[in-house]
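Have a look at the structure below, then the notes.
The values are calculated or read from the model by the stated rules, or taken from the named source; none is laboratory data. All of these numbers come straight from a predicted model, not from anything done at the bench. Backbone-built Cβ (ideal geometry, glycine too); neighbour counts: all protein chains shown. Areas reflect the complete protein model, heavy atoms only, side chains present, ligands, DNA and RNA absent. Shrake-Rupley method; radii C 1.70, N 1.55, O 1.52, S 1.80 Å.
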Amino acid sequence: MKAKAGSRAGGSRLAVKKSKADKDPNKPKRPPSAFFVFMDTFRKEYREKHPDVKLASVIGKAGGEKWKSLSDAEKAPYNAKAEKLKAEYTKKINAYNNPQAGEASGDSDKSKSEVNDEDDGSEGDA
DNA sequence: CTTGTGATTGTTCCC
DNA sequence: GGGAACAATCACAAG
């Protein structure tokens, strides 16, 4: 059932999809889930194996079944990527909800969540 | 021309 | 804790 839900419990999100280009400039886009990261690559491969199939909907289905077929180890790189994107997005959303957080007054330093250490050489794609 | 939909799963958000 | 909307993508439909 794709009855995802007609009415959401929350209230703020009542913003219905007005126009695809009418999104708040301050509101950052959500980070692609591991599935999407996997699908980005999966799509390309799928197109080579199925040049006739172009509909993303079909690829989505194929990818969905394949995705479940993957093991945690294979999803690991995708999850790791999504995890990083999540951290980035969390900061953006924080600024979106609290653009001036901490800039009020005498706020010294309480948040040490600066995880800027990108020492993970694994990226290595440099 | 323009816009939405359909389909996949995951993630994220706010109350 | 929960529930609800949205993230990419791309062909196709309808007005």
Residues located in region A:27-59, provided they are closer than 26 Å to A:Ile93 by Cβ and either of a type in the set (S, T, N, Q) or near DNA strand C (Cβ under 9 Å from one of its atoms) (or both): A:Lys27, A:Pro28, A:Lys29, A:Arg30, A:Pro31, A:Pro32, A:Ser33, A:Phe35, A:Phe36, A:Met39, A:Asp40
Test result for A:Arg47, part of a helix (DSSP H, G or I), near DNA strand B (Cβ under 8 Å from one of its atoms) and either surrounded by 13 or more Cβ atoms within 10 Å (Cβ to Cβ) or at pLDDT below 80 (or both): no
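Among the residues of region A:102-116, are any part of a helix (DSSP H, G or I) and modelled with pLDDT under 85?
Filtering region A:102-116 for residues part of a helix (DSSP H, G or I) gives none.
The answer is no; no qualifying residue exists.
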Answer residue from region A:72-94, given it is open to solvent by less than 60 Å² (accessible area, probe 1.4 Å) and free of Cβ contacts under 8 Å to residues at least 60 places away in the same chain and is farthest from A:Met39 (Cα to Cα) among those: A:Ala87
